[in-house]
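Peer 1: Quick one: the structure is below, questions incoming.
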Amino acid sequence: MPLRLFFCSLCTFVYLVGGSITSPAQSQNLPYQQDPRANVLAIQAIDLDVPTWLISNDHSEMVSVRLTFLGGTSLADNRTIAQLSTSIGDVLAITPALKQQGISLSFTVTARAWQISIYALKEDLPLTMDSLAKLLRRDFYTEQDFIRAQDNLIAQREADAIDPDFALGLALDHTLKDGTPLARTMRPQRIKSLTLTQMDHYLNNQLQRAHLRIAVAGDVRAADLKALLAPVLAALPATPIPTRPPLRYGPCALCGDDLAIAWDTDEALVALARHGPRREDPDYYPLRVALSYLSGGLSSRLMAVLREELNLTYGAQAFLSTDHIGSGLFVYATTRNEDIPALRHATSDIFYDVIERGMSEADLTDSKQALIESFYIALRSNRALSEIMAGWQTLTLTPNHQQIMHQAIADVSHQDIRRAAARYLDPAGFATIAVGRIDDGFTSIVTLDDLW
C-alpha cells in the first residue's frame with residue numbers, strides 16, 4: 001500500500017537514481033536497452049526566460065509538460081491554503097474544450113514545489129497552453145468556484161480519513177517534520193475558514209516567473225518551445241519576490257520510541273522511520289546501495305526473510321525519500337496484527353546483520369546494478385521522463401546528474417556499506433509506527449481523532 005499522503009505532504013519524491021544527456025537516436029527508442037551504460041538521457045537545456053529542459057523524441061504521440069514553481073507549502077501562511085490552491089486548479093481545468101480533446105491537466109503541491117502536469121497530443125498543446133494561461137491569470141474564477149474547490153478538498157480529506165495509510169502518513173509527517181502537523185491544518189473546519197483573498201495572496205506569491213522551471217518530453221523541437229510556452233510565460237509576473245525559507249526537518253519526535261494507532265483491521269501497517277543523509281553526505285550513496293540489497297524486489301533480503309522464510313508479510317520495502325532539505329529513511333510492511341512483535345524483531349535482526357557483516361561481493365555488485373537499472377525500468381513514457389526531469393529541477397540538480405550518480409554508485413565499497421549501515425540502520429534510531437488492532441506492546445496507543 002503506497003503512502004500517498006506521506007509522499008505528497010512530506011517530501012518531493014525522487015526516483016531511486018538520477019539521469020542526464022544522450023544522442024537523439026537513443027532517446028527515440030523506449031523502452032531503453034537493458035545495459036544501463038547504453039542509456040543516457042538526452043536532456044537539452046533550452047535558453048528561454050525560465051530554466052527549461054527538453055527530451056525530444058517521437059516514440060509516442062503524447063507530449064508531457066511539467067511546470068514546476070519552486071516554493072510549495074513554504075510560501076503559504078499555512079499548508080491548507082497550498083493544498084486548496086491545487087483544488088481550485090482542478091476545478092477550473094475541467095473545461096469543456098479540454099475534456100473534449102482528452103487533455104490531462106492536473107495540479108499538485110509539496111513542501112518544495114507547486115506543479116502543473118500536462119499530458120496531451122502534440123497538436124493539442126497550443127489549445128492547452130492558451131487555456132492554462134487564462135487559468136494562471138485567474139481573471140475569471142468566481143466565489144462559487146472557490147466554494148466548489150473547498151468542498152472537493154473536504155470530500156477528499158473525508159475519504160482519506162477512513163484509510164489507514166492516511167493515519168500512518170499523519171504520524172510520519174509529525175515524526176520527521178518541523179512545523180504545524182498536517183492534520184491540524186487539513187480539518188474540514190479549517191478548510192472552510194479560508195477566503196478567496198487568502199487564496200489570491202498565496203497564488204500571487206507562488207505563481208511567479210522567477211520561481212518557474214519547465215520540463216518537456218515528446219515530439220517537440222527546441223525551436224518550437226518559445227512560441228509554444230509564450231502564452232503561459234506572458235501570464236506570469238516577472239518581478240522576483242522574496243521567498244520564505246522552506247520547512248526544515250526538526251528533531252525526530254519518536255526516534256527510539258514507538259506509537260500505535262488503533263484501527264479495526266485484520267492487516268496492520270508497520271513503518272520504521274528516521275532522518276536519512278543529505279545528498280552531499282558521503283554515506284548517501286552507500287546507504288542507497290544497502291537499501292537496494294535490503295529491498296530490491298522479491299529476492300531482496302527483507303522479502304526473503306520476512307515473507308519467504310517467516311511468512312510475516314505479503315510485502316516489505318525500505319527506501320530513502322530525498323528532498324531539498326534532507327531525506328527520510330523508511331521501512332514499510334503489512335502484517336497480521338498478532339505478528340507485529342515478530343516482524344519488528346526480525347527486521348532488527350536483518351539490519352544488525354548488515355551492520356555487523358556487511359554484504360558479500362556478489363551482493364554488492366548485484367545491488368549496485370539493480371539500483372542503476374531501477375531508474376530505466378521507470379522510463380516507459382514521456383510522462384515518466386518529464387517527471388524525473390522536474391524532480392531534478394526541484395532539487396537543483398544538473399542535467400548530467402545521471403553520470404554523477406552512476407560514478408558515485410560504482411565507487412561504493414564494502415567499508416562504505418558498513419559505515420553507512422552503522423550510522424543509519426541501527427534499529428534503536430528508528431521511530432516505529434503501527435496502524436492496526438493493537439492493545440499493548442507500544443509506548444503510546446492513540447486513535448485517529450488524537451492525530452486529526
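The values are calculated or read from the model by the stated rules, or taken from the named source; none is laboratory data. This one's a predicted model, so the numbers in the text were calculated from it and none came from an experiment. Note: ideal-geometry Cβ built from the backbone for every residue, glycine included; neighbour counts use all protein chains shown. The protein model used for the area step is the full one, side chains on, heavy atoms only, and it has no ligands, DNA or RNA in it. Shrake-Rupley method; radii C 1.70, N 1.55, O 1.52, S 1.80 Å.
Peer 1: I need a count of the residues in segment 134-154 that are charged (D, E, K, R) and under 14 Å from Asp200 (Cα atoms).
Peer 2: Counting residues in segment 134-154 that are charged (D, E, K, R) and under 14 Å from Asp200 (Cα atoms) gives 5.
Peer 1: Please determine, by comparing only the residues of segment 344-375 that are within 14 Å of Tyr424 (Cα to Cα) and among the aromatic types (Phe, Trp, Tyr), which one is least open to solvent (accessible area, probe 1.4 Å).
Peer 2: Phe351
Peer 1: Here is a further query. Quick one: in segment 174-209, which of the residues that are charged (D, E, K, R), at pLDDT 75 or above and assigned to a helix (DSSP H, G or I) is most open to solvent (accessible area, probe 1.4 Å)?
Peer 2: Ranking the candidates gives Lys192 first.
Peer 1: Could you list, in sequence order, all residues of segment 376-400 that are assigned to a loop (DSSP other than H, G, I, E, B) and open to solvent by 10 Å² or more (accessible area, probe 1.4 Å)?
Peer 2: Residues satisfying the conditions are Ala378, Arg380, Ser381, Leu395, Thr396, Leu397, Thr398, Pro399, Asn400.
Peer 1: Okay, next question. Would you pick out the residues in segment 293-310 that are open to solvent by less than 20 Å² (accessible area, probe 1.4 Å) and of a type in the set (Ser, Thr, Tyr)?
Peer 2: Ser300
Peer 1: Between a residue in segment 433-447 that is under 19 Å from His174 (Cα atoms) and any residue that is outside any strand (DSSP E or B) and among the aromatic types (Phe, Trp, Tyr), which pairs come within a Cβ distance under 6 Å, given they are 6 or more apart or on different chains?
Peer 2: Note: pairs meeting the criteria are Val435/Trp263; Gly436/Trp263.
Peer 1: Looking at segment 316-343, which of its residues are surrounded by fewer than 23 Cβ atoms within 10 Å (Cβ to Cβ) and either of a type in the set (D, E, K, R) or on the phi > 0 side of the Ramachandran plot (or both)?
Peer 2: Residues satisfying the conditions are Gly326, Arg336, Glu338, Asp339.
Peer 1: Continuing with the same structure: Which of (1) open to solvent by 10 Å² or more (accessible area, probe 1.4 Å); (2) modelled with pLDDT under 85; (3) touching a Leu at 6+ places or on another chain (Cβ under 9 Å) is the odd one out, the single condition Leu41 does not satisfy?
Peer 2: (1)
Peer 1: Keeping to segment 250-303, report how many residues are of a type outside the set (S, T, N, Q) and assigned to a helix (DSSP H, G or I).
Peer 2: 13
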